[in-house]
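See structure below.
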Amino acid sequence: MNIALLSGAIMSLILISIALILAVFVFYFYFLFKKRGREIIKEREESTRRIYELAILKELGERVGYSLDVEEILQIITGSLKQFIDYTAVGYIVVTPEKIKINTHIEKSVSHLFLKEMKDKMTASLSALTDQTFDKFKLDEVVSGAIVIDEIKQNIGSLFNIPLVISGKVVGVLTVAHINKGLYKEDDMTILYKITNQASEAVTRLHEVVRIEKGKLNAMVESMQDGVLMVDMDYRVVVANPAIKKIIKFEVTKDINIFDFVDTLGGKFDIHGRLEEALVNKKIFVSERININDSFFEIGVYPVLHYNPKGESQMHGAVVVFNDISKDIELERVREEFTGMIVHELRSPLDGIKKITESVVAGNIDKNSDKFDEYLKLIYQGSASMLELVNDILDLSKLQSGKFEVRKEQANLKEVINNRVSFYKVSADVKKIGLETYLDDSLPELAEFDPQTLKQILNNFLSNSLKFTSVNGLILVSAFVYDPREHFPKNFDRSKVPVFPEEKDIKVKAPSLCVVVSDTGIGIPEDSIKDLFHTFKQAKLSPEDGENKGTGLGLVIAKGIAEAHGGAIGLVSKEGFGTSFFFTIPLN
Amino acid sequence: MKKILIIDDDQFFSKTLETALPKERYELISAEDGEVGLEKLKSEKPDLIILDLMMPKLDGTSFLKKLQEDNDLPKVPILVSSNLSSVKKISDVMSMGVVGYVIKSDESLQSIIQDIDRVLGEDTTKGE
């Protein structure tokens, strides 16, 4: 019995223990599952919220699109807010340079007191964020949604503000308010903060794009040589670049208005009338040449139209462009002068020949007299100079049309120089001018160039030197190879001539043949030098003997020849002392 | 006997004109540029100047300007003879108080002499 009792007790103890252990397990698992279940629900809630947040962000993104209007974006945000936040009223405040705007949407009726409190809180928030007071600002206020009922004595229970930041600057505040207390959790604010932030970023990016593009356009307009003026529909100056201010002699840093233009242009150009034509009738106008302060302009007036994707045009204003054509007119004048000069130079000897013949035919000259011989010489000189001029003009037109040919061959530069020097020796002797050569040992026996055209350059240099050098002067023709990495040959005495190019004057990149014709002539005035190689503007120099006049075309042709060889031409001169003309031909 | 000063660097013209001018009526003095021309104007006191425009040193237009500016210089009728034929040039020069403008290559020596006769009042042609 005892044993049975004992064993029964033991059995029941074991059973109880097992039951207890089981219960513990059951509870353990129960709680474990319960906890997991809660977590699952929480996770589900979380992901739902996330999906929702994403959906709203996406929707906002699409609706905000490429709008740059902060207010429009705020409207979109406030409009879609009620999908995930419960509120009594939502609003925003934005600041512009001259005023603040408050826009409130009431979801459930509230009192004026509620609205005022909300407004004050918004302004205070913006004030704190921007560190500025808005007492003196004009206020624009819009209230929409449910009606205002002052009998509802409910104050703001919960409220939060989200700042709107564009390009690092607070431009507005978004405010959500509710009559119930303690309603808004961190999560709600985070979502709204994210949305606003996303919108801000999008707008900031767009602003940046616009700023860069605007900057490019501004820089372009600012740096334009042409004067540019743009006015809006009310003739207010929107753009006036420095060039246009300079044209009408207006201080560049000052603000300009349309009347400054009307005053300066006076009767020369009816700017107001032309702008009106452009703004009202969309008419383009381009003026004839107009003279303003010593310069000539062509003034164009154009309507500024913007075409939207639908093809509708919208008028933004009109633009006036002042195109400086002074240079064209100057070139025109120079060309005319050049043509006149050529005609004159051709006509003079021809006319002389004609007049001599006239005299001979009229029997005024005895055929056996000295006078007759003199006239024959004049006829010879006249026809020779005319032929030279005709050849020069032909060469020049070939050079200009790019048809000038150089026939390069293996040739000996020393021979070419000696040939020309001996040719001019006769005239030099007659004028009692020394003509010497220096041919450096560095010169190769053969080099690649066109000997005929090089003779032409030498003819030009030598005849010029002879023309401008007086009795007992000296002309020195020197030739050497110049390597820009090294110096001029040392064994060559340059002191014989007063002016000789320095190494810096001869700009070559590779070893080149260098030929210098130096004289002790009258030299060339500094301000004439730049025109010497200009096709239509040769300097008018007075030769020593007065007999040999030139058109100066020879130098232009010489330049063309040197350049056709890949070389260069240049000169150094000192008035009253002498001149050195030189050319280079690169060695291959 | 009238004295004519020709200021021209074109030897053809001065020499042929000298040959063609009747020696019994005219004496011709020549100057090869404007500077020499000014000197000869003072020393020779000519009755007429035949002036070229394109010349070294002092050209025809500058010569005319000097005459206008300097009141001490004798007032002498000036006939411009040049091969420059642009209308602008001619009108510019005519406005400087010259008695005539002759485009050299368009006129024969004889017609130039007739112009000289007319200016100096030595009209020998039995004109209409």
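The values are calculated or read from the model by the stated rules, or taken from the named source; none is laboratory data. Treat the numbers as computed from the prediction; the structure is a model and nothing was measured. Positions of Cβ are generated from backbone atoms using ideal geometry, with glycine treated the same way; all protein chains shown enter the neighbour counts. Only protein heavy atoms, including side chains, enter the accessible area calculation; ligands, DNA and RNA are left aside. Shrake-Rupley method; radii C 1.70, N 1.55, O 1.52, S 1.80 Å.
Size of segment B:2-120: Rg and Dmax of its alpha carbons, in Å, are 13.0, 38. A simple spin-label model places the labels of A:ILE51 and A:ILE147 4.1 nm from each other, with each point 7 Å out along Cα-to-Cβ.
Averaging sequence separations of C-alpha pairs under 8 Å and six or more residues apart, then dividing by the length of segment B:69-126, give the relative contact order as a whole percent.
Values: 38 pairs, mean separation 18.6, N = 58.
So the answer I get is 32 percent.
Close amide H partners of A:ARG289, meaning residues 5 or more places away or on another chain with modelled amide H under 5 Å apart, do not exist here.
Could you work out the relative contact order of segment A:405-586, using alpha carbon pairs under 8 angstrom and six or more residues apart, expressed as a whole percent?
Numbers: 351 pairs, mean separation 44.6, N = 182.
In percent, rounded to a whole number, it is 24.
Given N residues in segment A:405-586, what is its alpha carbon radius of gyration divided by 2.2 N^0.38 Å? Show your work: numbers first, answer last.
Working: Rg = 15.2 Å, N = 182, 2.2 N^0.38 = 15.9 Å.
Dividing the Cα Rg of segment A:405-586 by 2.2 N^0.38 Å gives 0.96.
Per-residue mean of foreign Cβ neighbours for B:84-90 is 3 (Cβ atoms of other chains, 10 Å radius).
On a 1.4 Å probe surface of the protein chains, which of A:TYR424, A:TYR307 comes out largest in accessible area, and what is the full order? Don't skip to the end; give the middle numbers.
Numbers: A:TYR424 30, A:TYR307 135 Å².
So, going from the largest accessible area down, we get A:TYR307, A:TYR424.
Would you compute, from DSSP H runs of 4+ residues alone, the mean residue ellipticity of chain A at 222 nm, taking -39500 (n - 2.57) per run and dividing by the full residue count, rounded to the nearest 500? Write down the numbers at each step before the final one.
Working: 13 runs with 275 residues, N = 588.
It lands at -16000 deg cm²/dmol.
Here A:GLU276 and A:GLU374 are evaluated by their C-beta separation; at R0 = 60 Å the FRET efficiency comes out at 0.25.
For segment A:329-399, the percent of C-alpha pairs falling in each 5 Å distance bin, counted from 0 to the bin holding the largest distance, reads 3, 15, 18, 18, 14, 11, 9, 6, 4, 2, 0. Computed from the C-beta positions of A:GLU107 and A:ASN257 and an R0 of 45 Å, the FRET efficiency is 0.40 to the nearest 0.05.
Highest first, please rank the peptides B:25-32, A:291-298 by the mean number of other Cβ atoms sitting within 10 Å of their residues.
On the way: B:25-32: 18.9, A:291-298: 14.8.
So the peptides B:25-32, A:291-298, ranked by packing, come out B:25-32, A:291-298.
Backbone phi angles across segment A:120-127, fed through the Karplus curve with coefficients 6.51, -1.76 and 1.60 (θ = phi - 60°), yield HN-Hα couplings of 4, 5, 5, 5, 4, 5, 5, 4 Hz in residue order; Gly and Pro are listed as x. Here the spin labels are modelled as points 7 Å beyond Cα on the Cα-Cβ line, and at A:ASP441 and A:LYS214 they lie 7.4 nm apart. I'd like the orientation of helix A:451-468 relative to chain A: the angle between its Cα long axis and the longest Cα principal axis, in ° from 0 to 90, rounded to 10. Once rounded, one gets 70 degrees.
I'd like the orientation of helix A:326-361 relative to chain A: the angle between its Cα long axis and the longest Cα principal axis, in ° from 0 to 90, rounded to 10. Approximately 10 degrees, to the nearest ten. Listed values for segment A:296-311 are Karplus-derived 3J(HN,Hα) couplings in whole Hz (6.51 cos²θ - 1.76 cosθ + 1.60, θ = phi - 60°), namely 10, 9, 10, 10, x, 10, 10, x, 9, 10, 10, 9, 7, x, 6, x, and x replaces Gly and Pro. For the protein assembly as shown, the alpha-carbon coordinates run over 185, 75, 42 Å along the three principal axes, in decreasing order. Distance between the pseudo-spin-label points of A:ASN472 and B:GLU44 (7 Å out from Cα toward the beta carbon): 3.1 nm.
Can you pick out the pairs among A:LYS408/A:LYS507; A:LYS169/A:LYS194; A:LYS467/B:LYS89 whose Cα atoms lie more than 25 Å from each other? A:LYS467/B:LYS89, as the Cα separations exceed 25 Å there.
Ignoring ligands, DNA and RNA, how do A:PHE27, A:PHE160 rank by accessible area with a 1.4 Å probe, largest first? Mind showing how you got there, number by number?
Values: A:PHE27 120, A:PHE160 10 Å².
So the residues, ranked largest to smallest area, are A:PHE27, A:PHE160.
Backbone phi angles across segment A:364-377, fed through the Karplus curve with coefficients 6.51, -1.76 and 1.60 (θ = phi - 60°), yield HN-Hα couplings of 7, 10, 6, 5, 9, 8, 5, 4, 4, 4, 4, 5, 4, 4 Hz in residue order; Gly and Pro are listed as x.
By the gyration tensor of its Cα atoms, with a ≥ b ≥ c the square roots of the eigenvalues, what is the shape of segment A:407-447: rounded for a/c under 1.5, prolate for a/b over b/c, or oblate? Because a/c hits 1.5 or more and a/b fails to exceed b/c, segment A:407-447 counts as oblate.
Return the FRET efficiency for the residue pair A:MET224, A:GLU332: r is the Cβ-Cβ distance, R0 is 30 Å, and the value is rounded to the nearest 0.05. With R0 = 30 Å, the Cβ-Cβ based efficiency is 0.80.
For segment A:241-260, backbone nitrogen atoms closer than 19 Å to the point 7 Å from A:ASP294 Cα along Cα-to-C-beta are found at A:243-252. Comparing segment A:433-530 with the 2.2 N^0.38 Å rule of thumb, its C-alpha radius of gyration ratio is 1.12 (two decimals).
Between their Cα atoms, which of A:LYS249/A:LYS282; B:LYS2/B:LYS40; A:LYS354/B:LYS57 are more than 18 Å away from each other? Walk me through the numbers before you get to the answer.
Working: A:LYS249/A:LYS282 29 Å; B:LYS2/B:LYS40 15 Å; A:LYS354/B:LYS57 27 Å.
Beyond 18 Å: A:LYS249/A:LYS282; A:LYS354/B:LYS57.
Going highest first, how would you order A:463-470, B:67-74 by mean Cβ packing within 10 Å? Numbers along the way, then the final one.
Working: A:463-470: 22.0, B:67-74: 10.6.
Per-residue mean Cβ counts within 10 Å order the peptides as A:463-470, B:67-74.
Mean per-residue shielding of peptide A:342-350 is 5, counting Cβ atoms of other chains within 10 Å of each Cβ. Computed on chain A, with alpha-carbon pairs under 8 angstrom and 6+ residues apart, the relative contact order is 7 percent. Mean partner shielding of peptide B:101-107, defined as the number of other chain Cβ atoms within 10 Å of each residue Cβ, is 3.
How large is Rg/Rh for segment A:100-161, to two decimals, with Cα atoms and a Kirkwood Rh? Result: Rg/Rh = 0.99. Here the average projected area of the convex hull drawn through the C-alpha atoms of segment A:85-190 stands at 6.9 nm².
Using a 1.4 Å probe, what is the accessible area per residue for segment A:84-210, in Å²? List each step's numbers first, then the result.
Details: 6640 Å² over 127 residues.
Computed with neighbouring chains in place, this is 52 Å² per residue.
In degrees between 0 and 90, to the nearest 10, how far off the longest principal axis of chain A does helix A:186-223 point, with axes built from Cα atoms? With both axes taken from Cα atoms, the answer is about 10 degrees.
Computed from protein heavy atoms with a 1.4 Å probe, the total accessible area buried between A and B is close to 2100 Å². Here the sum of -39500 (n - 2.57) over DSSP H runs of 4 or more residues, divided by the residues of chain B, equals -11500 deg cm²/dmol at 222 nm, to the nearest 500.
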